[in-house]
Amino acid sequence: QVQLVESGGGSVQAGGSLRLSCAASGYTYSSYYCMGWFRQAPGKEREGVATLYTRDSSGYYADSVKDRFTISQDNAKNTLYLQMNSLKPEDTAIYYCAAQPRLGCGGMLSRTDDFRYWGQGTQVTVSS
């Protein structure tokens, strides 16, 4: 069975940094996946944050996090990362990683329906 497990969340002050990790197991982390980070704040819809294509590590970002967040991977470790800098209170949410077997991403994938596999999420809280 496919499992995605997020870690690295926590509570930080505005302007601080966190690095989230998503460890994949139960399947081969191949060069042909779109990987995604999503987030969901209380009372709000889950929104796409960033997308990465495992074939070439190309990354795409929501406008709200461009120039602050960086998506990356370590294929040998079957792990996806999200480096989060200059955090703002509005970044507070549960962050989820997701995976979709695919031959290409083509850009930012912001729809939850675009991804088949999901982790359980990790809480990020940013105080002002």
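The values are calculated or read from the model by the stated rules, or taken from the named source; none is laboratory data. Bear in mind the structure is a predicted one, so any value in this text is a computation, not a measurement. With ideal geometry, Cβ positions are generated from the backbone for all residues, glycine too; neighbour counts draw on all protein chains shown. Accessible surface is based on the protein model in full, side chains and every heavy atom, while ligands, DNA and RNA are left aside. Shrake-Rupley method; radii C 1.70, N 1.55, O 1.52, S 1.80 Å.
A few comments on the model shown:
- Residue-normalised accessible area of the chain, expressed per residue, 1.4 Å probe, Å²: 51 Å²
- Taking a ≥ b ≥ c as the square roots of the eigenvalues of the Cα gyration tensor, region 31-128 is classed as prolate, since a/c reaches at least 1.5 and a/b is larger than b/c.
- Total formal charge among the other residues, if their Cβ is under 9 angstrom from that of TYR81, Lys/Arg +1 and Asp/Glu -1: 0
- For the chain, carbon and sulfur atoms together expose 42% of the accessible surface, with a 1.4 angstrom probe and every protein chain in place.
- Couplings 3J(HN,Hα) of region 107-112, computed from phi: x, 5, 9, 9, 9, 4 Hz, in residue order, whole Hz [Karplus 6.51 cos²θ - 1.76 cosθ + 1.60, θ = phi - 60°; x for Gly and Pro].
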